[in-house]
Amino acid sequence: MELQKNFDLKNLNSFNISVKTKYFYKFSSINELQNILEYNKTLKEKTIILGGGSNILFTKDFDGLIIKNEIKGITIKSESKKHVTIEVGAGENWHDFVKWSVTNNLSGIENLALIPGSVGATPIQNIGAYGMEVKNTITKVYYFDIVTQREKILANKKCNFKYRDSIFKNKFKNKFIITKVVFCLNKEHANNSNYGAINEELNKLKMEPSLKSIFQAVISIRNQKLPDPKKLGNSGSFFKNPIIKNQKFVILKKIHPNIVGYPMPSGDIKVAAGWLIEQAGWKGHTEGSAGVHKNQALVLVNYGEATGENILDLSIKIKNSIKEKFDIEITPEVNII
């Protein structure tokens with residue numbers, strides 16, 4: 001694979017921000033990855049690993065090397081009466097893998113349909129939606145250690161999975177490259193339809209809860225609420241749902257009776273960031289080509305000519321207003337470069 005110079009990243013980030021990187025390289029095997037990292041010992045450039053480009057906001061040109069992971073493959077490794085273990089290349093499209101699981105009658109990730117990005121990004125962020133988190137299906141993660149130049153394996157329990165967080169986002173940040181993820185999916189269907197608007201959507205579609213109907217309902221809901229990045233630049237949910245103490249939630253509920261919150265196993269409450277942003281008056285707001293989506297306040301969008309700095313500036317204003325109105329800190333889900 002050829003090393004490219006002064007490469008435009010507009011088509012490789014879901015915000016459709018036009019920025020350039022000094023060097024760009026795509027790899028589809030461990031051997032190609034080793035070659036570029038070895039060559040970079042001569043270049044001595046700082047490096048970013050790019051997956052689907054759906055969880056990143058570029059605020060300026062990148063003065064370094066961006067490496068795009070394109071390791072593919074979906075392989076069934078083992079099967080029992082109740083479960084199937086599947087090894088998936090980190091460069092596979094996430095939604096395509098979810099679709100594959102539903103087509104093969106396997107449950108565990110159907111509620112995570114249409115989340116943009118690559119399979120390799122899912123353990124980093126511990127993606128979740130509509131009552132499911134990817135940590136509950138991941139058994140192990142293969143990653144390439146940049147220092148030792150060797151592929152290693154980390155079991156689920158060692159990944160330190162938390163709400164939208166993992167060891168890969170903290171301790172291992174910039175020290176690893178995920179190459180494969182191993183999932184254990186269920187032959188018995190979860191039929192998890194009680195979170196969010198899934199049951200309501202199933203009623204509209206005149207369907208009973210099932211693996212395929214829930215998959216279709218989630219896609220329908222996301223298409224209604226979330227803009228297609230190919231048509232309108234965005235990264236899906238820009239902010240995490242903040243987690244606050246139950247005592248604080250009780251106080252806020254007296255002031256704001258309609259506040260939306262979900263109890264956590266810890267006893268804390270996860271508050272819907274989209275509700276907070278909408279109540280603060282930001283839904284549908286625009287500043288030049290940067291804006292908050294009209295149908296989902298959690299989504300920041302690029303209407304065509306916005307820069308990464310424009311999006312970032314808007315996000316800071318939103319964050320400050322939520323702090324002022326509700327005394328709650330909201331933080332970005334996206335990686336800001």
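The values are calculated or read from the model by the stated rules, or taken from the named source; none is laboratory data. Keep in mind that this is a model prediction, so the values were computed, not measured. Glycine gets a Cβ as well: all are built from the backbone with ideal geometry, and neighbour counts include every protein chain shown.
If a residue must be at pLDDT below 95, within 23 Å of residue 186 (Cβ to Cβ) and either touching a His at 6+ places or on another chain (Cβ under 9 Å) or charged (D, E, K, R) (or both), how many such residues does the range 119-156 contain?
1
How about the range 122-153: which of its residues are aliphatic (A, V, I, L, M) and assigned to a strand (DSSP E or B)?
Taking the range 122-153 first, the residues aliphatic (A, V, I, L, M) are 124, 127, 129, 132, 134, 138, 141, 146-147, 153.
The answer is 129, 132, 138, 141, 153.
Those residues that are of a type in the set (Asp, Glu) and either outside any helix (DSSP H, G or I) or touching a strand residue (DSSP E or B) at 6+ places or on another chain (Cβ under 7 Å) (or both), I need them from the range 294-337; list them, please.
Step one: filter the range 294-337 for residues of a type in the set (Asp, Glu), giving 305, 309, 313, 324, 327, 329, 333.
Across the range 294-337, the qualifying residues are 305, 327, 329, 333.
Give the range 60-96 a look and list any residue that's under 19 Å from residue 24 (Cβ atoms) and either among the aromatic types (Phe, Trp, Tyr) or not in a loop (DSSP other than H, G, I, E, B) (or both), or say none.
Those that are under 19 Å from residue 24 (Cβ atoms) and either among the aromatic types (Phe, Trp, Tyr) or not in a loop (DSSP other than H, G, I, E, B) (or both): 62, 63, 64, 65, 66, 67, 68, 69.
Please enumerate the residues belonging to the range 132-162 that are surrounded by 15 or more Cβ atoms within 10 Å (Cβ to Cβ) and in contact (Cβ under 8 Å) with a residue 40 or more places away in the chain.
132, 137, 138, 139, 140, 141, 142, 144, 146, 151
Looking at (1) free of Cβ contacts under 8 Å to residues at least 40 places away in the same chain; (2) touching a helix residue (DSSP H, G or I) at 6+ places or on another chain (Cβ under 6 Å); (3) of a type outside the set (Ser, Thr, Tyr), which one does residue 317 not meet, given that it meets all the others?
(2)
I need the full set of residues from the range 163-182 which are among the polar types (S, T, N, Q) and surrounded by 20 or more Cβ atoms within 10 Å (Cβ to Cβ), in order please. Give the derivation first.
Narrowing the range 163-182 to residues among the polar types (S, T, N, Q): 166, 170, 174, 179.
Result: 166, 179.
Between residues in the range 1-24 that are free of Cβ contacts under 8 Å to residues at least 60 places away in the same chain and among the small types (Gly, Ala, Ser) and residues that are surrounded by fewer than 21 Cβ atoms within 10 Å (Cβ to Cβ) and not in a loop (DSSP other than H, G, I, E, B), which pairs lie under 7 Å by C-beta distance while being six or more apart or on different chains?
18/8; 18/10
Could you list, in sequence order, all residues of the range 39-58 that are in contact (Cβ under 8 Å) with a residue 40 or more places away in the chain and farther than 28 Å from residue 312 by Cβ?
Matches in the range 39-58: none.
Look through 118, 101 and report the one residue that is of a type in the set (Gly, Ala, Ser), closer than 20 Å to residue 335 by Cα and surrounded by 23 or more Cβ atoms within 10 Å (Cβ to Cβ). Quick ask: steps written out before the conclusion?
Numbers: 101 fails: closer than 20 Å to residue 335 by Cα.
The unique qualifying residue is 118.
Any idea which residue in the range 109-118 is nearest to residue 184 (Cα to Cα), counting only those that are touching a helix residue (DSSP H, G or I) at 6+ places or on another chain (Cβ under 7 Å) and in a loop (DSSP other than H, G, I, E, B)? Steps first, answer last, please.
As a first pass, look at the range 109-118 and keep what is touching a helix residue (DSSP H, G or I) at 6+ places or on another chain (Cβ under 7 Å): 109-115, 117-118.
This time we only want the ones that are in a loop (DSSP other than H, G, I, E, B), so: 109, 113-115, 117.
Numbers: 109: 10, 113: 17, 114: 20, 115: 19, 117: 20 Å.
In this case the residue turns out to be 109.
Tell me yes or no: at least one residue of the range 28-44 is surrounded by 16 or more Cβ atoms within 10 Å (Cβ to Cβ) and closer than 15 Å to residue 119 by Cβ.
Of the range 28-44, the ones surrounded by 16 or more Cβ atoms within 10 Å (Cβ to Cβ) are 28, 30, 32-33, 36-37, 40.
From the residues that got through so far, the ones that are closer than 15 Å to residue 119 by Cβ too are 28.
Within the range 28-44, one or more residues are surrounded by 16 or more Cβ atoms within 10 Å (Cβ to Cβ) and closer than 15 Å to residue 119 by Cβ.
Which residues, counting only those in the range 163-180, are among the charged types (D, E, K, R) and without any contact (Cβ under 8 Å) to a residue 24 or more places away in the chain?
Let us first name the residues in the range 163-180 that are among the charged types (D, E, K, R), namely 164-165, 169, 171, 173, 175, 180.
Of everything in the range 163-180, those that are among the charged types (D, E, K, R) and without any contact (Cβ under 8 Å) to a residue 24 or more places away in the chain turn out to be 171, 173.
Pull up the range 237-260, narrow it to residues that are among the aliphatic types (A, V, I, L, M) and surrounded by 14 or more Cβ atoms within 10 Å (Cβ to Cβ), then point me to the one that is farthest from residue 336 (Cα to Cα). Step through it out loud before you land on a result.
In the first step, residues of the range 237-260 are kept if they are among the aliphatic types (A, V, I, L, M); the result is 243-244, 250-252, 255, 259-260.
Checking the rest, the ones that are also surrounded by 14 or more Cβ atoms within 10 Å (Cβ to Cβ) come to 243-244, 252, 259-260.
Numbers: 243: 21, 244: 24, 252: 30, 259: 29, 260: 27 Å.
Once the filter is applied, the top-ranked residue is 252.
Can you work out which of the residues in the range 1-34 that are of a type in the set (A, V, I, L, M, F, W, C) and assigned to a helix (DSSP H, G or I) is farthest from residue 50 (Cα to Cα)? Before the answer, list the steps.
From the range 1-34, those of a type in the set (A, V, I, L, M, F, W, C) are 1, 3, 7, 9, 12, 15, 17, 19, 24, 27, 30, 33; that's our starting set.
Right, trim to assigned to a helix (DSSP H, G or I) and you get 12, 30, 33.
Numbers: 12: 9, 30: 15, 33: 13 Å.
The qualifying residue farthest from residue 50 (Cα to Cα) is 30.
Let me confirm something: among 311, 318, 255, which residue is out of contact with any Phe, Trp or Tyr (no Cβ under 8 Å at 6 or more places or on another chain), more than 24 Å from residue 221 (Cα to Cα), of a type in the set (A, V, I, L, M, F, W, C) and outside the structural domain of residue 121 (by TED's automatic domain parsing)?
Numbers: 311 fails: out of contact with any Phe, Trp or Tyr (no Cβ under 8 Å at 6 or more places or on another chain); 318 fails: out of contact with any Phe, Trp or Tyr (no Cβ under 8 Å at 6 or more places or on another chain).
Matching residue, one of 311, 318, 255: 255.
Can you name the residue in the range 317-337 that is within 14 Å of residue 292 (Cβ to Cβ) and among the charged types (D, E, K, R) and, of all such residues, is surrounded by the fewest Cβ atoms within 10 Å (Cβ to Cβ)?
317
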